[in-house]
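So the structure is just underneath, and the comments pick up after that.
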Amino acid sequence: MKKIASFTIDHTRLDRGVYVSRRDTLDGGAVVTTFDLRMKRPNREPAISQSALHTIEHLAATFLRNHPQWGQRIVYWGPMGCCTGNYLLVSGDVSAVEIVPLVVETFRFIAEYEGEIPGANEHDCGNYLLNNLPMARYEARAYLAVLRNITPEQLRYPE
């Protein structure tokens, strides 16, 4: 089988950042941009706990889909299986530079969030007990520090 594109990225050189993972043109010509929101250095930092990542997913997906400017363009938000970040799929041909302000907004929301986690109950979620708001806030603050000082190298995959 042919190796998929995301497995061709040199993860030994990948830093925390915001990367365009792919752009797909759908039938009819619409473009969907997939962002790799890398919160941890793969294989060099501890992964994000599943409970924190699950909470980040609930908060980010809710925030983004309710965003006044971007809400209608959000296709998907979800955690990476390796627990080092998240994927954000957006309708349109969007660059990493263009999406950074939205990512900052999203992680600021998570870092400051207090209250009940949206959808974290038995009725709404398949594993509602697997949540950790304090750790989600901690991880969001750590990623915000990266986002606020992001470099051009952290906006494109290493070659």
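With r as the distance between the Cβ atoms of MET1 and TYR138 and R0 = 41 Å, compute the FRET efficiency 1/(1 + (r/R0)^6) and round to 0.05.
On the way: r = 38 Å, r/R0 = 0.93.
FRET efficiency, TYR138 to MET1: 0.60.
Under unit Cβ charges (Lys, Arg +1; Asp, Glu -1), what dipole magnitude, rounded to 20 debye, does the chain have relative to its Cα centre? It would help to have the intermediate numbers written out before the result.
Working: 17 positive and 18 negative charges, 102 e Å.
Roughly 480 debye, rounded to the nearest 20.
From the backbone phi of the range 33-44, what are the Karplus-calculated ³J(HN,Hα) couplings (6.51 cos²θ - 1.76 cosθ + 1.60, θ = phi - 60°) in whole Hz, Gly and Pro given as x?
Values per residue, Gly and Pro as x: 9, 9, 9, 9, 9, 8, 8, 9, 6, x, 6, 10 Hz.
From the backbone phi of the range 109-121, what are the Karplus-calculated ³J(HN,Hα) couplings (6.51 cos²θ - 1.76 cosθ + 1.60, θ = phi - 60°) in whole Hz, Gly and Pro given as x?
Values, residue by residue: 4, 5, 4, 9, 5, 9, x, 6, 6, x, x, 8, 8 Hz.
For GLY85, what residues show an amide H to amide H distance below 5 Å, using hydrogens built from the backbone and excluding near sequence neighbours?
Distant-sequence amide H within range of GLY85: MET39, MET80.
Could you rank the peptides 141-151, 65-75 by their average count of other C-beta atoms within 10 Å per residue, with the highest value first?
Working: 141-151: 15.5, 65-75: 12.8.
So the order, starting with the most tightly packed, is 141-151, 65-75.
Over all pairs of distinct alpha carbons, what does the Kirkwood formula give as the hydrodynamic radius of the chain, in Å? Show your work: numbers first, answer last.
Values: mean 1/r = 0.0620 Å⁻¹.
For the chain, inverting the mean 1/r across all distinct Cα pairs yields 16.1 Å.
Between GLU112 and ALA30, what length comes free when the chain is fully extended (0.36 nm per residue of separation minus the Cα-Cα distance, one decimal in nm)? Before the final figure, lay out each step's value.
Working: separation 82, 0.36 × 82 = 29.52 nm, distance 3.47 nm.
Roughly 26.0 nm would be gained on extension.
For the range 1-50 and the range 111-159, compute the distance between their C-alpha centroids and round to whole Å.
17 Å
Quick one: Karplus J couplings for the range 138-148, per residue in order, coefficients 6.51, -1.76, 1.60, θ = phi - 60°, nearest Hz, x for Gly and Pro?
Here the 3J(HN,Hα) series is 4, 5, 5, 4, 5, 6, 4, 4, 5, 4, 6 Hz.
Considering only ALA5, ILE56, TRP70, whose Cα is most displaced toward the positive end of the charge dipole of the range 1-94, charges sitting on Cβ of Lys, Arg (+1) and Asp, Glu (-1)?
Checking the options against the dipole of the range 1-94, the answer is ALA5.
Taken together, the values in this text are just the output of simple stated rules run on the coordinates, not laboratory data. Computed from a predicted model, the values in this text were never measured in an experiment. When we count neighbours, we look across all protein chains shown, and the Cβ atoms used for this are built from the backbone with ideal geometry, even at glycine.
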